[in-house]
Amino acid sequence: MQEIIKIVLPIILVCGCVLGIVLFVVKKALINDTKRAISRVKQVEAEVRKREEGIKKEIEEHEKDFTRKKAEAEEALEKKRVESEKEVTLMREKTMATAKEEGDRIIASARKNEEKFRQQILQDMEEKAVDYGAEIFRQVFSEKMTQELNKHFIQELIDALAEMDAGSITVDAQDASFTSSHPLDPGQKEQLEKLITEKFGAQIKIQEKVQEDLIGGLSFKLGSLEIDGSLASRFKEAVVEVKKTAHA
């Protein structure tokens, strides 16, 4: 038994020593690994802090740049707004000036044309008055009375021609244009032809034309000589005289 103990004991001691050495080596290895891990963690932490500081610095720089650019943009926007307001004001003033000029031009044109329009209206009224007078004449007088009046008006014209001093009138025409409201009475037509031959020393062939709107009487053209002895012409003259009296 003692011999076995002597044999086993050294083995146990050797195993114990080997185990202690192994444990020591493992422990030391673990401690070294732990230290390296801690050192690595500290290094990583330092890098992270450094990275955070860099990022923070970049953020601050970006914020400063953003603030600067924002201020520049706001300044540019304010400047543009002021310029736009000036342009709008200038455009409004220009538009108002143009509108005023156009308004003045329209007013001036209206005033310029006012007299023209008034004269046109008066002329239209005169023409209407003549038309109404002619219509009243036709409604009041019968055709027989109208023919008699027509002869009377033509006779007045013949008498006026007979009294006319033809010394200052030169007739170079070969035809005379007579326009009457009714066909000329043969006797009066002969009187006219004879009177023209005696007065103006020219053999004239009368060209007769009937125009009912003359109402009565006749008008004629002989060279440069024109005479309107129609009732329509007398109506127009009467309208002018009535208008003068009304204005007075």
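The values are calculated or read from the model by the stated rules, or taken from the named source; none is laboratory data. The model shown is predicted, which means the values in this text are computed figures rather than measured ones. Quick reminder, even Gly has a Cβ in these numbers, built from the backbone with ideal geometry, and neighbours come from all protein chains shown. Just the protein is used for accessible areas: all its heavy atoms, side chains included, with ligands, DNA and RNA removed. Shrake-Rupley method; radii C 1.70, N 1.55, O 1.52, S 1.80 Å.
Just a few scattered comments:
- Across the range 185-217, the residues whose backbone nitrogen lies under 12 Å from the label position 7 Å along the beta-carbon direction of ILE158 are 185-196.
- Cβ-placed point charges (K, R +1; D, E -1), dipole of the range 1-118 about Cα centre in debye, nearest 20: 340
- Take the convex hull of the alpha carbons in the range 1-125; its mean projected area over all directions comes to 20.0 nm².
- Point-to-point label distance, SER39-SER233, nm (Cα→Cβ direction, 7 Å offset): 14.0
- Karplus 3J(HN,Hα) series, Hz, for the range 214-224 with 6.51 cos²θ - 1.76 cosθ + 1.60 (x for Gly, Pro): 6, 6, x, x, 7, 10, 9, 10, 10, x, 8
- Taking every DSSP helix (H) stretch of at least 4 residues in the chain, weighting each as -39,500 (n - 2.57) and dividing the sum by the residue count yields a mean residue ellipticity at 222 nm of -29000 deg cm²/dmol.
- Beta bridges per DSSP with both ends in the chain, % antiparallel, nearest 5: 55
- Reciprocal mean inverse distance between Cα atoms of the chain - Kirkwood radius, Å: 31.0
- Of the solvent-accessible surface of the chain, computed with a 1.4 Å probe over protein heavy atoms with every protein chain present, carbon and sulfur atoms account for 59 percent.
- Remark: the chain carries 79 Å² of accessible area per residue (probe radius 1.4 Å; ligands, DNA and RNA excluded).
- Along its first, second and third principal axes, ordered by size, the range 45-89 spans 64, 8, 5 Å in Cα coordinates.
- R0 of 30 Å, Cβ-Cβ distance ALA99-LYS128: FRET efficiency to nearest 0.05: 0.15
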